[in-house]
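S.K.: Pasting a structure here, questions to come.
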Amino acid sequence: MPDQHDGPDEPQEDPVASAADEPAAAAGNAVIREAEDLTGLGHGTRAVRVGRRRNLTALAPILWGSSAFFTDTAEEARAMATSTDADRFYSRWGNPSVRDLEEAVAALEGAEAARAYSSGMGALAGVVLGLCSTGDHVVAQHQLYGQTHNLLSTTCARFGIDVTFVDGTEPGAFASAVRPGKTVLVLAETPANPCLDLVDLDELGAIKGPITVVDSTFATPLAQRPLEHGVDLVVHSATKGLAGHNDATLGLVAGSAELLAWLWQSAVLFGAAASPYDAVNVLRGLRTLAVRVRAQSATALELAALLEAQPSVAAVRHPGLESHPQHDLAKRQMDHFGGVLSFDLAGGYDAGCRFVDRVRIAQLATSLGGPETLVTHAASTTHAGMLPDELSAAGISPGTVRVSVGLEDVQDLAADLVQALE
Ligand SMILES: *Cc1c(COP(=O)(O)O)cnc(C)c1O
């Protein structure tokens, strides 16, 4: 580390430390740059520039693997132990690599603050259990990532948190399920897993009283920014498109500084901190987010159109298809339609299993947003724990297959999907 950036051991050289009114950040500030002004820049440019304040002059993200950091004085240690802002105290509180990622995603979402969690589910559990208490009410949609549905229907019940599930595509459904004074959280996912149903973000953002939350994993901040529509919190499984290389497990929540300070307190107690190793991989992934989202969105739309023409395919869903029932909404609130599509095989459960067994370029794996095209058969994997009526409420049929389109050449993928259908 260059001399001019020596921080923790030479606080007297740090102009911020002498200001004394902010001792909590003093040790950290010695190596923190001013945030860059990104006004007027496109979202792809932002994704390249953000999250570099603690990265010295290195271009690639620096891994701050340390779980603990020393301080010179008891006063500094006391201040850091009680600050939501200390990034060089103990890594469950905060860590420089993780904090750079948190600031990066906050900037991309247009949020004041963000908190990274050890996974997307960590982030969702952190939001639900960090904000709700026994006796509170939550409104959520049927169309959710399977494990989110599980969390809401089992863990919440165990803690006496009442959850109402609505059809997220139905206009006014969330608002009419809100119980004034009782409903603490309204939770949506758009585009939703695995059938790419959309929620109207303007409508959700207009709900006042409860805290509104959107799981925006399928979109990434390149394709949609829920906070711009008045939504309070946005959640990501950064394991997916944000990291983009299948080499990190991490979740993020972004929103107001006040809400994030509240969430920070429970996250520290839950031990839900993100690993700096994963944070570095997500920061690296952000640099190519724009080209990946553009390429995957374009390839997914081409493949979706191809699948629509296949006789063994009963229905295809992708927000970019004219046939998507919410295509107009997609055009209003999304800059890109995303790399995930799903389709129903007329042959049902067995046909779904056969298809995922026969693909050769695409691989059978349960994730999305990476360079490799992946297929999953919902009824036998991602949603295997759901009862038949829960499955149909989520719009999933026994033959539903999800495709996460990667970065391979479109003609190779097209040939692969067609041969697997035959
Ligand atoms: C994967 C996923 C999650 C869970 O994220 P993990 O990082 O696997 O914990 C939550 N929501 C959506 C939409 C997802 O795709």
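The values are calculated or read from the model by the stated rules, or taken from the named source; none is laboratory data. As the structure is a prediction and not an experimental result, all values here were calculated from the model. FYI the Cβ positions are ideal-geometry reconstructions off the backbone, even for glycines, and counts take in every protein chain you see. Just so you know, the surface numbers come from the protein's heavy atoms only, side chains and all, with ligands and any DNA or RNA stripped out. Shrake-Rupley method; radii C 1.70, N 1.55, O 1.52, S 1.80 Å.
S.K.: Does segment 335-351 contain at least one residue that is outside any loop (DSSP other than H, G, I, E, B) and open to solvent by 70 Å² or more (accessible area, probe 1.4 Å)? It would help to see each step written out before you state the result.
M.R.: Just the residues of segment 335-351 that are outside any loop (DSSP other than H, G, I, E, B), to begin with: 340-345, 348-351.
With the extra rule that they be open to solvent by 70 Å² or more (accessible area, probe 1.4 Å), the set shrinks to 349-350.
The answer is yes, given that some residue of segment 335-351 is outside any loop (DSSP other than H, G, I, E, B) and open to solvent by 70 Å² or more (accessible area, probe 1.4 Å).
S.K.: If we keep just the residues of segment 381-416 that are of a type in the set (Ser, Thr, Tyr) and closer than 24 Å to Leu306 by Cβ, which is surrounded by the fewest Cβ atoms within 10 Å (Cβ to Cβ)? So that I can check it myself, show each step before the final result.
M.R.: First pass over segment 381-416, keeping only residues of a type in the set (Ser, Thr, Tyr): 381-382, 392, 397, 400, 404.
Cutting the leftovers down to closer than 24 Å to Leu306 by Cβ gives us 381-382, 397, 400, 404.
Numbers: Thr381: 17, Thr382: 20, Ser397: 20, Thr400: 27, Ser404: 28.
My answer is Thr381.
S.K.: Next up: One residue is enough: does segment 93-100 have a residue meeting the conditions within 16 Å of the ligand (Cβ to nearest atom), closer than 26 Å to Val48 by Cα, under 20 Å from the mean Cα position of the chain (by Cα) and β-branched (Val, Ile, Thr)?
M.R.: Taking segment 93-100 as the starting set, the residues that turn out to be within 16 Å of the ligand (Cβ to nearest atom) are 98.
After this cut, where a residue has to be closer than 26 Å to Val48 by Cα as well, the list is 98.
With the extra rule that they be under 20 Å from the mean Cα position of the chain (by Cα), the set shrinks to 98.
When the remaining residues are screened for being β-branched (Val, Ile, Thr), the result is 98.
Scanning segment 93-100 turns up at least one residue that is within 16 Å of the ligand (Cβ to nearest atom), closer than 26 Å to Val48 by Cα, under 20 Å from the mean Cα position of the chain (by Cα) and β-branched (Val, Ile, Thr).
S.K.: Is it the case that segment 270-291 has a residue that's open to solvent by 30 Å² or more (accessible area, probe 1.4 Å), more than 30 Å from Asp85 (Cα to Cα) and not aromatic (Phe, Trp, Tyr)?
M.R.: First pass over segment 270-291, keeping only residues open to solvent by 30 Å² or more (accessible area, probe 1.4 Å): 270-271, 275, 277-278, 281, 284, 287-288, 291.
Pick out the ones that are also more than 30 Å from Asp85 (Cα to Cα) and you get 291.
Now drop any that are not not aromatic (Phe, Trp, Tyr), which leaves 291.
Yes, segment 270-291 contains at least one residue that is open to solvent by 30 Å² or more (accessible area, probe 1.4 Å), more than 30 Å from Asp85 (Cα to Cα) and not aromatic (Phe, Trp, Tyr).
S.K.: Follow-up question, since we're still on this one. Looking only at strands (runs of 3 or more DSSP E) that fall completely inside segment 159-278, which ones have 2 or more residues that are in contact (Cβ under 8 Å) with a residue 40 or more places away in the chain? Steps first, please.
M.R.: Numbers: elements: 162-166, 183-189, 211-215, 233-237, 251-255.
The strands (runs of 3 or more DSSP E) meeting that bar are 183-189, 211-215, 233-237, 251-255.
S.K.: Tell me which residues, restricted to segment 116-154, are more than 21 Å from the chain's Cα centre (by Cα) and farther than 21 Å from Val199 by Cβ.
M.R.: Matches in segment 116-154: Ser133, Thr134, Gly135, Asp136, Thr154.
S.K.: Among Gly271, Gly285, which is within 14 Å of the ligand (Cβ to nearest atom) and farther than 20 Å from Leu187 by Cβ?
M.R.: On the way: Gly271 fails: within 14 Å of the ligand (Cβ to nearest atom).
Just one listed residue meets the conditions, Gly285.
S.K.: Can I ask one more? Would you check if Thr84 is in contact with a helix residue (DSSP H, G or I) (Cβ under 8 Å, 6 or more places away or on another chain) and touching a residue at least 12 places away in the same chain (Cβ under 8 Å)?
M.R.: Values: in contact with a helix residue (DSSP H, G or I) (Cβ under 8 Å, 6 or more places away or on another chain): yes; touching a residue at least 12 places away in the same chain (Cβ under 8 Å): yes.
Yes; evaluated as a whole, the condition is true for this residue.
S.K.: Give the number of residues within segment 162-198 that are touching a helix residue (DSSP H, G or I) at 6+ places or on another chain (Cβ under 8 Å), among the acidic types (Asp, Glu) and open to solvent by 30 Å² or more (accessible area, probe 1.4 Å).
M.R.: 2
S.K.: While we're here: Tell me, yes or no, whether segment 143-152 has at least one residue that is among the polar types (S, T, N, Q), within 13 Å of the ligand (Cβ to nearest atom), in contact with a Cys (Cβ under 9 Å, 6 or more places away or on another chain) and open to solvent by less than 50 Å² (accessible area, probe 1.4 Å).
M.R.: From segment 143-152, those among the polar types (S, T, N, Q) are 143, 147-148, 150; that's our starting set.
After this cut, where a residue has to be within 13 Å of the ligand (Cβ to nearest atom) as well, the list is 143, 147-148, 150.
Now drop any that are not in contact with a Cys (Cβ under 9 Å, 6 or more places away or on another chain), which leaves 143.
Adding the requirement that they be open to solvent by less than 50 Å² (accessible area, probe 1.4 Å) leaves 143.
Yes; the residues of segment 143-152 include at least one that is among the polar types (S, T, N, Q), within 13 Å of the ligand (Cβ to nearest atom), in contact with a Cys (Cβ under 9 Å, 6 or more places away or on another chain) and open to solvent by less than 50 Å² (accessible area, probe 1.4 Å).
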